[in-house]
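The values are calculated or read from the model by the stated rules, or taken from the named source; none is laboratory data. None of these values were measured; they are calculated from a predicted model. Counting neighbours? That spans all protein chains shown, and the Cβs are built from the backbone with ideal geometry, glycine included. Side chains are part of the model used for accessible areas, which takes the heavy atoms of the whole protein and leaves out ligands, DNA and RNA. Shrake-Rupley method; radii C 1.70, N 1.55, O 1.52, S 1.80 Å.
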Amino acid sequence: MPQPCLDVQNLTKSFGATVLFENISFSVAEGQKIGLIAKNGTGKTTLLSILVGKESYDSGNIIYRNGLRIGYLEQSPAFNPKDTVLDACFNHEGNPDKVLKAKQILTRLKITDLNQPMSELSGGQQKRVALANVLITSPDFIILDEPTNHLDIEMTEWLEGYLARGNKTILMVTHDRFFLDRVCSVILELEDQNVYQYKGNYEYFLEKRSHRIDVMKANVAKANNLYRTELEWMRRMPQARGHKARYREEAFYELEKVARQRIEDRQIKLKSKNVYIGSKIFESQYVSKRWGDKVILKDFYYNFSRYEKMGVVGNNGTGKSTFVKLLLGNVEPDEGRFDIGDTVKFGYFSQEGLVFRDDQKVIDIITDIADYIDFGGGKHITASQLLQHFLFTPEQQHNLVRKLSGGEKRKLYLCTVLMRNPNFLVLDEPTNDLDIQTLQILEQYLEAFPGCVIVVSHDRYFMDKVVDHLLVFKGEGVVKDFPGNYTQYREWMTLKEREERKEQTINQEKQTADRNSYRNETKKKLSYKEKREFELLTNEIESLELEKKNIEEKLCSGTLSVEEITRMSVRLPKLTDEIDEKSMRWLELSEYDS
């Protein structure tokens, strides 16, 4: 029976009059991998901060198992800018036994200079150092707030495998649904100040949540019917009521709570018939761009089609965002040009986002752009309706910006882009910090969008939903054109790698057969001494290769002392040379007939 790591009992937290959650209870058992899901602004990050003691709470109990070591990844970690990467990882503990493991994990996260000052790292790189810091310390219980933000697909897939292996105990907030599906086996949903638990992966959660909402709708409808009857009784009854009447009155107020529950139901379909885009979109005419020695594009030609929905993927630093900025005219190419159609009206959602004034109201930011979007045919959507579609309640629309969470600000920025009614959307990492419900709404919007779309994203689930075509940035100016979504691309790549391995095996077998044929024709007889040497070499090579494998595994374990690392690091190259030398002699003797 797994031991409990954490038990949360009747936890309540509010900010002023706003209640984030009330009397919520849940537990985390040893070995469980739990994903926490909620809309932006409903308290996910606050809850994690409370659990690690960085935030206070109103009431309730948080009970950890004695001696439990906790690793916590904040959404926006802060470091001493004077610290080196290595200092930041070890928090000045200076534990040399973890150096090797630190190098391995940081390399996987594409942080290679351990002596680089933290002040020189971007926000995304600092988040990766913070993630490495958590993994290096091998805690008993890992709490992660948006671990895949600022990771490219290669890093995300590595982290998936790392976290999914073994008996790690994890509680994490993530909006990456592929990641959630492949790592977590329990989903906690924070909604309407309550917490709901689903014992399954993300796909199971979707199914069961839909069922819960249907049941809730039925209960609310039933309560509304009964509420009308009871409300009439309340109006007729005199003030002085007997015991039975008081009991019925108390039941009425409980019924009223159920009847007044609001269920998110977006009836508006954001499908504009008033978007026009001509047949000429853009043509990339042999564009080249480099930053110093780094090649971003080299003689890149592409003719973009009408209504195309393209995804742009590739590892960090391969030039995806630069490509977008070249297209939009924010960066000039070294050679070539982009020829943009006259009817194209770009809507650009950037990684950097938009800076709002804290004293602005949410609704005012949108109405400053336009009061409504004309859908044609006498149909339109108002600024308030657009905000409501993207889960800003009427009350929230009149809030000041300073009350918004980071995710809500990103969502508001998205609304400012859409309110301009563009016919060509360019979205650079649109999924960062957006909650899953907002992502689902955005996916539906883009699927029905009657213009063109380019999406730069590491969110594989989002890409599969939205795009029908990929540009794959390989680095060094190499860009591959793939007609399909991300999952189809990965399947194609897997098949291609399998075929290449198969072809390599066939070639090796052919070479071996050719050598055997040659030996059969030209072999000389081995002497007794040479036969004995050949037998000894076979055993020695096997023994040396086993020793080499053991050393490599130990060096990758992260459990060795500095002395052992030094000794094995000296032994490894000598061992390799010895294997090479004996293998050459073995090959020479194998040419003879025994």
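A few comments on the model shown:
- Across the chain, counting alpha-carbon atoms alone, Rg and Dmax equal 30.6, 119 Å.
- DSSP beta bridge pairing in the chain, given as percent antiparallel to the nearest 5: 55
- Lysines with Cα under 28 Å of Lys217, excluding same-chain neighbours fewer than 8 positions away: Lys13, Lys39, Lys44, Lys199, Lys208, Lys257, Lys269, Lys271, Lys411, Lys465
- Counting charges near Ile281 (Lys, Arg +1; Asp, Glu -1) among other residues having Cβ under 13 Å from its Cβ returns a value of 0.
- Mean Cβ count within 10 Å, highest first, over the residues of peptides 57-69, 120-132, 425-437: 425-437, 120-132, 57-69
- Annotation: amide H of Glu308 within the under-5 Å range of Val453, sequence separation 5 or more or interchain, hydrogens built in the peptide plane.
- Relative contact order (percent, whole number), the chain, Cα cutoff 8 Å, 6+ residue spacing: 14
- Percent accessible area from carbon and sulfur atoms, region 399-458, protein chains only, probe 1.4 Å: 42
- Taking θ as phi - 60° and the Karplus parameters 6.51, -1.76 and 1.60, the scalar couplings of region 118-126 work out to 4, 5, 8, 8, 6, x, x, 5, 5 Hz in sequence order, x denoting glycine and proline.
- Straight-line cross-link partners of Lys582 among the lysines, defined as a Cα under 28 Å from its Cα and at least 8 positions apart when in the same chain: Lys510, Lys523, Lys524, Lys525, Lys529, Lys531, Lys548, Lys549, Lys554, Lys574.
- Derived scalar couplings between HN and Hα for region 343-357 equal 8, 6, 10, 6, x, 10, 10, 9, 4, 6, x, 10, 8, 9, 7 Hz in order, rounded to whole Hz, by the Karplus curve 6.51 cos²θ - 1.76 cosθ + 1.60 (θ = phi - 60°), x for Gly and Pro.
- Pairs of lysines in region 294-398 whose Cα atoms sit within less than 22 Å of one another amount to 10, provided the residues are eight or more positions apart or on different chains.
- The charge dipole of the chain, taken about its Cα centre with unit charges on the Cβ of Lys, Arg, Asp and Glu (plus for the first two, minus for the last two), comes to roughly 1580 debye.
- Gain upon complete extension [Asn61, Ser210; 0.36 nm per residue less C-alpha separation]: 50.6 nm
- Carbon plus sulfur fraction of accessible area for region 31-73, probe 1.4 Å, in percent: 42
- Other-chain or far-sequence residues with amide H under 5 Å of Thr343's (modelled H): Gly278
- Rolling a 1.4 Å probe over the heavy atoms of the protein chains gives the chain an accessible area of 52 Å² per residue.
- Ala218-Ala78 pseudo-label distance in nm [points 7 Å out on the Cα-to-Cβ vector]: 5.1
- Heavy-atom surface analysis with a 1.4 Å probe gives region 288-347 a carbon and sulfur content of 43 percent of its accessible area.
- Förster radius 56 Å - calculated FRET efficiency between Glu447 and Glu535 (Cβ-Cβ, nearest 0.05): 0.25
- Sum of -39500 (n - 2.57) over DSSP H runs of 4+, divided by residues of the chain (222 nm, nearest 500): -14500 deg cm²/dmol
- Computed from backbone phi, the HN-Hα couplings of region 485-500 come to 8, 5, 4, 5, 5, 5, 5, 5, 5, 4, 5, 5, 5, 5, 5, 5 Hz, rounded to whole numbers (Karplus: 6.51 cos²θ - 1.76 cosθ + 1.60, θ = phi - 60°; Gly and Pro given as x).
- Cα-projected label distance for Lys496 with Glu564, points at 7 Å along beta-carbon direction, nm: 4.1
- Counting Lys and Arg as +1 and Asp and Glu as -1 over every other residue whose Cβ lies under 12 Å from the Cβ of Tyr486, the net charge comes to -2.
- Amide proton proximity set for Glu335, modelled H, under 5 Å, gap of 5+: Ser288
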